[in-house]
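The structure appears below as structure tokens.
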Amino acid sequence: MRLPVLRLIAFRELRDLLRDRRSVLLLLVTPVVLYPFLGLATFAMAKLAAEQKFLVGIVGKDRLPPTPLLTQDDQFVEEKRPADRAEGPVGDDAQWELPPIRVVEVSDDPDADLRDKKVDVLLKVPEGFAAEVAAGRKPKVIIEHRDGDEKSKLASRRLRSIVLAWKDRILQERFTKAGLPTDYDQVFDLIDPITSKPKLKQAADAIRDGLSRALPFLLMMWLLAGAIQPAVDLTAGEKERGTMETLLISPADRSEIVYGKFFAVTVFSFGSVVWNVIWLTAACTVVEFVLGYPIINKPGLIGCVVLGFPLAMLFSAICLSLGVFARSTKEGQYYLVPLILVAMPLALWSMMPGKELDFGNALIPVTGAMLMQQKLLAVSADPIPWGMFGPVLGSLCVCVVAALYTAVRQFRREDVLFREVGGDKGGKLFRLFS
Amino acid sequence: MIEVEGLTKSFPGGEKPAVDDVWFKVQPGEVFGLLGPNGAGKTTTLRMLCTVLTPTAGYATIAGFDVATQGDKVREHVGFLSANTGVYDRMTALEMVEYYGRLYGLSGGHLRDRLDTLFHTLQMDSFRHILGGKLSTGMKQKVSIARALIHDPPVLIFDEPTNGLDVLVQRAVVQSIAALRGQGKTILYSTHIMTEVTKLCDRVAIMAHGRIVACGTLNELRTQYGQDDLEEIFFGLVS
């Protein structure tokens with residue numbers, strides 16, 4: 001194999017791919033538009049949500065006990081609840097700006113007020129509520145919202161947390177009157193590292209954990225998308241356009257042609273992933289700036305992307321060996337769909353809860369690499385299983401070599417390269433797909 | 001020189017060989033016509049000579065190199081052009097011909113000189129920087145001719161190179177091939193257009209059902225079959 005010939009073919013193919021507007025639009029321009037758009041959309045939604053004003057109608061406001069106060073003028077008397085009882089974003093984080101919530105007067109038909117959106121949520125206080133509470137009984141307070149109305153649901157959730165906080169204050173008052181400590185009902189202190197974190201940190205950690213599972217899957221899909229289209233274009237597409245035969249008649253050896261195309265497809269596939277990751281990281285950085293906490297493990301992400309390279313090689317080699325079998329671009333796309341169907345279960349297997357990277361899983365192509373990527377991205381006390389790199393990379397290398405060997409063999413087969421001149425081989429099943 | 005002895009090609013599952021025991025020789029400075037209807041086995045024969053298909057039996061050499069065992073040497077010494085060979089849509093005419101020049105091992109000043117000569121001779125200067133996808137059919141065929149000639153091969157194989165071209169471009173292609181004969185090239189020309197055969201070919205082989213059914217100069221064929229009209233001879237042999 002001659003390196004200058006291989007390089008010549010590889011760079012020509014790569015330049016050809018970069019001049020293909022469809023591929024460039026799909027793989028390079030999409031992330032440039034998509035991620036900023038998603039970031040802006042998230043911002044806009046957060047801003048809109050923050051600017052929402054919730055209107056609460058209280059039915060039987062005069063039935064509320066004089067102390068502790070639930071409302072003062074048209075405002076709720078909000079107070080921080082113990083973190084272990086937190087059930088909503090009630091001012092336990094200075095950075096969390098809650099949308100304003102206001103009490104408005106209701107008409108004689110409060111249900112109609114709710115229906116007509118004069119109020120977003122109703123708080124119904126029953127007759128004799130104050131007396132019942134004072135007597136130590138458990139009267140029922142009802143919150144009502146409009147079904148299917150997002151704003152009403154948010155208002156209901158917000159009101160619920162305010163009412164629960166107020167309920168705690170009533171309880172504390174009761175304990176004080178009985179000469180008991182205000183935390184009398186707390187039989188022990190529960191230290192939960194998740195709920196003891198500020199709400200924003202909890203949200204950031206949840207996003208980070210989700211990303212560490214989902215990102216390897218996203219990377220795999222980007223790698224596949226980045227390999228399929230170029231591989232079809234450089235194999236079936238070339239056959240369709242009549243340039244494949246020209247190339248076969250040139251002094252380039254079949255293996256040089258395959259390796260040249262393989263290099264181009266791999267670089268394109270991996271390049272599209274790097275490009276996507278750059279824009280995704282930029283979007284994550286903006287989110288981190290808003291939340292004030294990291295949502296992505298950047299060194300892990302770099303490792304994760306690097307581990308994507310052998311996956312790009314694997315997908316490129318498989319796509320080339322399948323793509324060359326097709327006579328047209330359309331047919332090539334049909335042949336490559338099953339590759340997605342094979343890769344998806346392997347990817348989803350790695351995402352199953354409790355699935356760990358062990359020697360057996362490390363040997364499964366795609367699954368092993370994705371489990372390793374998850375390990376690299378995760379922020380946990382577990383050390384990264386560096387010893388598993390060998391089996392993961394070894395398994396991928398064996399698959400890449402096998403796929404490349406198959407691709408070269410395909411490029412040497414007359415019945416594959418010139419399917420139109422071959423005999424009626426393969427019987428009915430073959431004819432069905434040809 | 002091209003030497004073909006008993007060349008045969010069978011495809012798996014095929015009832016009969018696509019090419020069956022074909023013999024001929026083409027000398028330098030000669031245009032040898034391979035005449036036959038569609039499906040006669042012309043393209044398969046030419047593909048075997050260009051090493052993209054492997055013969056099932058028989059023997060063939062191009063410029064002294066065996067097509068079965070010295071494929072790389074054969075490909076270095078042959079220029080191939082057919083109606084089906086395309087040009088890259090996303091490469092300019094110059095880029096494409098230059099790319100093939102480099103594949104054939106040309107570089108530097110030698111490659112530049114060859115490019116300038118070919119673009120000038122084939123009157124391609126006006127579209128050298130236009131992408132293949134935007135070229136007309138005639139322009140594309142000129143690019144293909146330049147691509148086949150860039151390494152100045154001693155043997156040229158043309159497989160119905162004027163198929164689908166308009167009369168003006170057909171004429172230009174035929175004239176280019178006639179000029180190449182004057183340069184001492186060995187030319188194998190496959191076609192089913194009689195006028196091209198009479199204008200270009202020194203000798204002709206008529207193929208039908210994978211076999212050569214007649215071979216000789218035009219005059220020899222006319223004498224042998226007692227017909228002046230080549231088309232009548234052709235129909236008589238292939239029908």
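The values are calculated or read from the model by the stated rules, or taken from the named source; none is laboratory data. Small disclaimer: the values here were computed from a predicted structure and weren't measured. FYI the Cβ positions are ideal-geometry reconstructions off the backbone, even for glycines, and counts take in every protein chain you see.
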For B:GLY108, work out the one condition from (1) surrounded by fewer than 22 Cβ atoms within 10 Å (Cβ to Cβ); (2) under 24 Å from A:PRO4 (Cβ atoms); (3) outside the structural domain of B:GLY184 (by TED's automatic domain parsing); (4) in contact (Cβ under 8 Å) with a residue 40 or more places away in the chain it doesn't fulfil.
-> (4)
Of the listed residues (A:SER350, A:SER395), the one being under 26 Å from the mean Cα position of the chain (by Cα) and in the same structural domain as A:ALA317 (by TED's automatic domain parsing) is A:SER350
Quickly run through region A:275-301 and pick out the residues that are crowded, with 18+ Cβ neighbours inside 10 Å and without any contact (Cβ under 8 Å) to a residue 60 or more places away in the chain.
-> A:VAL277
Can you name the helices (runs of 4 or more DSSP H) wholly within region A:99-205 that have at least 3 residues being under 25 Å from A:ASP73 (Cβ atoms) and in contact with a Pro (Cβ under 7 Å, 6 or more places away or on another chain)?
-> A:129-134, A:150-177
Going through region A:150-177 in order, the residues found to be farther than 24 Å from A:ARG63 by Cβ and either buried (at least 17 other Cβ atoms within 10 Å of the Cβ) or at pLDDT 90 or above (or both) are A:LYS151, A:LYS153, A:LEU154
Log entry, pairs with first residue in region A:68-79 being on the phi > 0 side of the Ramachandran plot, second being of a type in the set (A, V, I, L, M) and surrounded by 14 or more Cβ atoms within 10 Å (Cβ to Cβ), beta carbons closer than 9 Å, six or more apart or on different chains, reads A:ASP73/A:VAL103
Does A:PHE315 count as outside any loop (DSSP other than H, G, I, E, B), closer than 30 Å to A:VAL286 by Cα, at pLDDT 90 or above and not charged (D, E, K, R)?
-> no
Counting just the residues of region A:233-264 that are of a type in the set (Ser, Thr, Tyr) and outside any helix (DSSP H, G or I), which one comes out farthest from the other protein chains (Cβ to nearest Cβ)?
-> A:THR235
Using the structure shown, decide if B:LEU111 is under 22 Å from the mean Cα position of the chain (by Cα), in a helix (DSSP H, G or I), away from chain A (no Cβ under 12 Å) and at pLDDT 85 or above.
-> no
Is it the case that region A:221-241 has a residue that's without any contact (Cβ under 8 Å) to a residue 24 or more places away in the chain and under 30 Å from B:SER82 (Cβ atoms)?
-> yes
Which ranges mark the strands (runs of 3 or more DSSP E) fully within region B:129-227 that have 3 or more residues being not hydroxyl-bearing (Ser, Thr, Tyr)?
-> B:155-159, B:203-208, B:211-217
Return a yes/no flag: does region B:57-74 have any residue that is within 21 Å of B:LEU180 (Cβ to Cβ), within 11 Å of another protein chain (Cβ to nearest Cβ) and in contact (Cβ under 8 Å) with a residue 60 or more places away in the chain.
-> no
Members of region B:169-209 that are of a type in the set (Lys, Arg), more than 13 Å from the chain's Cα centre (by Cα) and over 15 Å from B:LEU34 (Cα atoms) = B:ARG171
For region B:26-37, state whether one or more residues are without any contact (Cβ under 8 Å) to a residue 60 or more places away in the chain and more than 10 Å from chain A (Cβ to nearest Cβ).
-> no
Would it be correct to say that A:ALA402 is hydrophobic (A, V, I, L, M, F, W, C), assigned by TED's automatic domain parsing to the domain that holds A:ALA206 and modelled with pLDDT under 85?
-> no
Could you pull out the residue among B:PHE158, B:PHE80 that is more than 12 Å from chain A (Cβ to nearest Cβ), crowded, with 20+ Cβ neighbours inside 10 Å and in contact (Cβ under 8 Å) with a residue 60 or more places away in the chain?
-> B:PHE158
With the checklist (1) more than 11 Å from chain A (Cβ to nearest Cβ); (2) within 21 Å of the chain's Cα centre (by Cα) in hand, flag the one item B:MET96 doesn't pass.
-> (1)
Right, A:GLU288: part of a helix (DSSP H, G or I) and more than 27 Å from A:GLU245 (Cβ to Cβ) or not?
-> yes
Screening B:ASP152, B:ASP166 for residues that are surrounded by fewer than 20 Cβ atoms within 10 Å (Cβ to Cβ), among the charged types (D, E, K, R), out of contact with any His (no Cβ under 8 Å at 6 or more places or on another chain) and within 20 Å of B:ASN84 (Cα to Cα) leaves only B:ASP166
Looking for whichever is crowded, with 24+ Cβ neighbours inside 10 Å and over 25 Å from B:GLY210 (Cβ atoms) here; the options are B:ALA63, B:ALA93. Which one fits?
-> B:ALA93
Please specify each residue of region A:19-40 satisfying the condition of being in a helix (DSSP H, G or I), within 12 Å of another protein chain (Cβ to nearest Cβ) and surrounded by 17 or more Cβ atoms within 10 Å (Cβ to Cβ).
-> A:SER23
Return yes when A:VAL306 is among the β-branched types (Val, Ile, Thr) and outside any loop (DSSP other than H, G, I, E, B) and no when it is not.
-> yes
